[in-house]
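**Student:** For reference, the structure I am asking about is given below.
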Amino acid sequence: MIRVERIKRDLEALAQFTATPGKGITRMAFTPEERRARDYLAGEMKAAGLEVYTDAAGNLFGRRPGKNPKAAVVMVGSHIDSVQNGGRFDGAAGVVAAVEIARALQELGKETVHPIEVVVMTEEEGSRFGAGLYGSRAMTGEGISPEELTNTFDDEGISNGEAMKAFGLDPDKIRQAVRPAGTVKAFLELHIEQGPILEAAGFKIGIVESIIGLRTIQVVIYGSADHAGTTPMDMRRDALVGASKIVSQVPSLIQKLGENTVATVGILQVKPGCANIVPAEVKFTIDLRASDNEIIEKAAAKLKKMVAEICSPLNLEYSWEELLAVQPVATGVEIANIVEGVAVQKGIDTMRMQSGAGHDAMVMAKLCPIGLLFVPSKNGKSHCPEEWSDYEDIALGADLYLETILTLANGQGPQGD
Ligand code: GLV
Ligand code: MN
Ligand code: MN
């Protein structure tokens with residue numbers, strides 16, 4: 001049986017592993033706090049009878065063998081890395097629910113045909129190296145390019161590959177994390193909604209039908225560092241004047257493109273960053289999302305044109321780099337229908353919905369059928385310390401997934417045998 005007190009205990013334990021105690025969760029990939037969270041979870045997985053291992057990308061797994069060890073794996077999990085000063089439920093809720101499902105299966109003593117794996121994904125947020133969904137991308141063949149390992153850096157100038165090495169992983173072996181086609185039967189993720197819809201509609205469970213597409217773009221504007229007192233206003237190449245014009249025009253450009261197209265500039269770095277120097281370089285990101293890939297393409301092209309048009313008369317140069325591009329995905333009806341069937345049996349009302357947040361499930365969709373379940377977020381708040389979801393709702397979602405996993409791991413559902 002799913003036990004809410006164990007879910008609460010695990011989430012409270014994980015909340016201790018943060019670089020910003022008292023100021024929300026800051027737990028970036030390959031850091032000491034993430035190590036402590038992984039160690040805690042590995043201990044819980046072992047106690048639940050799982051065989052624990054880490055793949056070449058750092059994804060942490062707990063495996064429950066099936067009667068047919070060669071059968072494709074039913075995978076369930078989420079991530080434990082966070083944004084800067086984020087909340088304690090984003091990702092962690094799904095990981096803790098997956099571990100609790102493993103405990104419940106152990107207590108029930110139920111064998112399944114297919115193996116089941118609990119997964120803790122690496123660097124979903126992209127908070128440390130810019131491009132998220134890292135662990136799931138590493139599992140797909142299209143995965144992670146060698147350049148991404150050497151050319152993406154954290155704020156301290158440490159590359160992704162160097163951070164992996166310091167964490168005991170070998171970046172040259174990352175392709176060993178690839179899961180060959182046909183070896184994963186399904187991927188299930190439980191997540192907090194991170195928005196206000198379920199709470200407003202009075203539902204405890206949302207069954208996600210589609211996930212928006214997203215693109216993370218990094219723009220750098222190049223001007224010239226000059227003395228702030230001696231350089232006449234008409235002789236400056238001020239990168240921040242250009243960047244601020246661009247940033248201020250992003251909302252109006254995006255609003256013309258359709259109702260659920262959104263774009264956010266969440267990082268702005270000014271160099272040299274001194275009160276008495278004309279800014280020489282400004283780096284900023286644009287997080288662009290929409291449910292239609294054509295709209296994303298159109299928006300990206302319009303944004304790029306706008307950058308060029310603003311830079312040119314100001315005598316500024318720019319670079320434009322796409323750090324991450326993931327297409328919108330439909331989750332598929334089969335798993336959604338199984339979950340809904342379980343909910344109906346248990347008398348739980350569910351709501352079909354879209355996800356505006358990105359999730360590892362959208363990448364795993366390249367490998368296998370996926371399921372994504374949401375539980376309500378209080379006041380719709382997320383990516384901030386106020387983020388809250390009720391433990392009882394997470395337990396309810398875990399309970400639905402327990403039955404769903406038993407169905408899938410006994411050969412029914414997509415790719416059933
Ligand atoms: C993940 O939280 C995302 O949607 O950026
Ligand atoms: Mn998040
Ligand atoms: Mn998340």
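The values are calculated or read from the model by the stated rules, or taken from the named source; none is laboratory data. Quick caveat: nothing in here was measured; it's all calculated off a predicted structure. A quick note on method: Cβ atoms are made from the backbone with ideal geometry, for glycine too, and the neighbour counts reach across all protein chains shown. Note: accessible area is taken over every heavy atom of the protein model, side chains too, but ligands, DNA and RNA are not part of it. Shrake-Rupley method; radii C 1.70, N 1.55, O 1.52, S 1.80 Å.
**Student:** In nm, to one decimal, how far is the modelled label at Glu147 from the one at Val333, with both set 7 Å along Cα→Cβ?
**Tutor:** Placing both labels 7 Å beyond Cα along the Cβ direction yields 4.1 nm.
**Student:** Leaving ligands, DNA and RNA out of it, work out the accessible area of Thr18 with a 1.4 Å probe and give it in Å² to the nearest 10.
**Tutor:** For Thr18, solvent-accessible area is about 20 Å².
**Student:** Further question: As a test of the definition: which semi-axes, in Å, follow for the chain when you take the square root of five times each eigenvalue of its alpha carbon gyration tensor? Largest first, please. Let's see the in-between values first.
**Tutor:** Values: eigenvalues 325, 101, 78 Å².
Value: 40, 22, 20 Å, ordered largest first.
**Student:** Something else: Leaving ligands and nucleic acids out of the surface, order Ser136, Ser145 by accessible area at 1.4 Å, largest first.
**Tutor:** Details: Ser136 0, Ser145 45 Å².
Per-residue accessible area, sorted high to low, gives Ser145, Ser136.
**Student:** Once you treat every alpha carbon in the range 30-170 as an equal point and sum by Debye, what is log10 I(q)/I(0) at q = 0.11, 0.15, 0.17 Å⁻¹?
**Tutor:** For the range 30-170 at q = 0.11, 0.15, 0.17 Å⁻¹, log10 I(q)/I(0) is -0.42, -0.75, -0.94.
**Student:** Per 5 Å bin, what percent of the C-alpha pairs of the range 214-326 does each bin hold, from zero upward?
**Tutor:** 2, 12, 23, 22, 17, 11, 7, 4, 2, 0
**Student:** Mind checking which lysines have their Cα closer than 20 Å to the Cα of Lys245? Skip sequence neighbours fewer than 8 apart in that chain.
**Tutor:** Of all the lysines, those that pass the test against Lys245 - Cα under 20 Å, at least 8 places apart if same chain - are Lys256, Lys271, Lys283, Lys302, Lys304, Lys305.
**Student:** Along the range 126-142, what does the Karplus equation 6.51 cos²θ - 1.76 cosθ + 1.60 (θ = phi - 60°) give for ³J(HN,Hα), rounded to whole Hz, x for Gly and Pro?
**Tutor:** x, 5, 8, 10, x, 9, x, 6, 5, x, 6, 4, 5, 7, 8, x, 6
**Student:** Solvent-accessible area of Ile116, probe 1.4 Å, all protein chains present, reported in Å² to the nearest ten, please.
**Tutor:** Approximately 10 Å² of Ile116 is accessible to the 1.4 Å probe.
**Student:** May I ask you to derive the FRET efficiency for Lys110 and Glu297 from their Cβ-Cβ distance with R0 = 51 Å, giving the value to the nearest 0.05?
**Tutor:** My answer for the efficiency is 0.65.
**Student:** Nearest-5 percent of antiparallel DSSP beta bridges in the chain?
**Tutor:** Details: 42 of 64 bridges.
Roughly 65 percent of the beta bridges in the chain run antiparallel, per DSSP.
**Student:** In the Gaussian network model of the chain, springs joining C-alpha atoms below 10 Å, which of Cys368, Cys384, Cys274 carries the largest mean-square fluctuation?
**Tutor:** Per the Cα network of the chain with a 10 Å cutoff, Cys274 tops the list.
**Student:** Given a cut-off of under 8 Å on Cα pairs at least six residues apart, what relative contact order in percent is computed for the chain?
**Tutor:** Relative contact order of the chain: 22 percent.
**Student:** Sticking with this one: Roughly how much of Lys271 is accessible, in Å² to the nearest 10, using a 1.4 Å probe?
**Tutor:** Number for this one is 110 Å².
**Student:** If I build a Gaussian network model for the chain, linking alpha-carbon pairs within less than 10 angstrom, which residue out of Ile197, Ile295, Ile277 has the largest mean-square fluctuation?
**Tutor:** Of Ile197, Ile295, Ile277, the Gaussian network model singles out Ile277 as fluctuating most.
**Student:** Here's something else I'd like to know. Can you return the lysines within cross-link range of Lys23? Criterion is Cα-Cα under 16 Å, with same-chain partners fewer than 8 residues away left out.
**Tutor:** The reachable lysines, counting only those whose Cα sits under 16 Å from Lys23, are Lys381.
**Student:** Per residue of the chain, what 222 nm ellipticity follows from adding -39500 (n - 2.57) for every DSSP H run with n ≥ 4, rounded to the nearest 500?
**Tutor:** Mean residue ellipticity, 222 nm, calculated: -10500 deg cm²/dmol.
**Student:** Can you pull out the GluC sites (Glu not before Pro) in the range 310-409 that DSSP calls coil and that have at most 16 other Cβ atoms within 10 Å? Let's see the in-between values first.
**Tutor:** Working: sites: Glu317, Glu321, Glu322, Glu334, Glu340, Glu386, Glu387, Glu392, Glu403; in loops: Glu386, Glu387.
Here the GluC sites (Glu not before Pro) that fit, given the DSSP loop and packing criteria, are Glu386.
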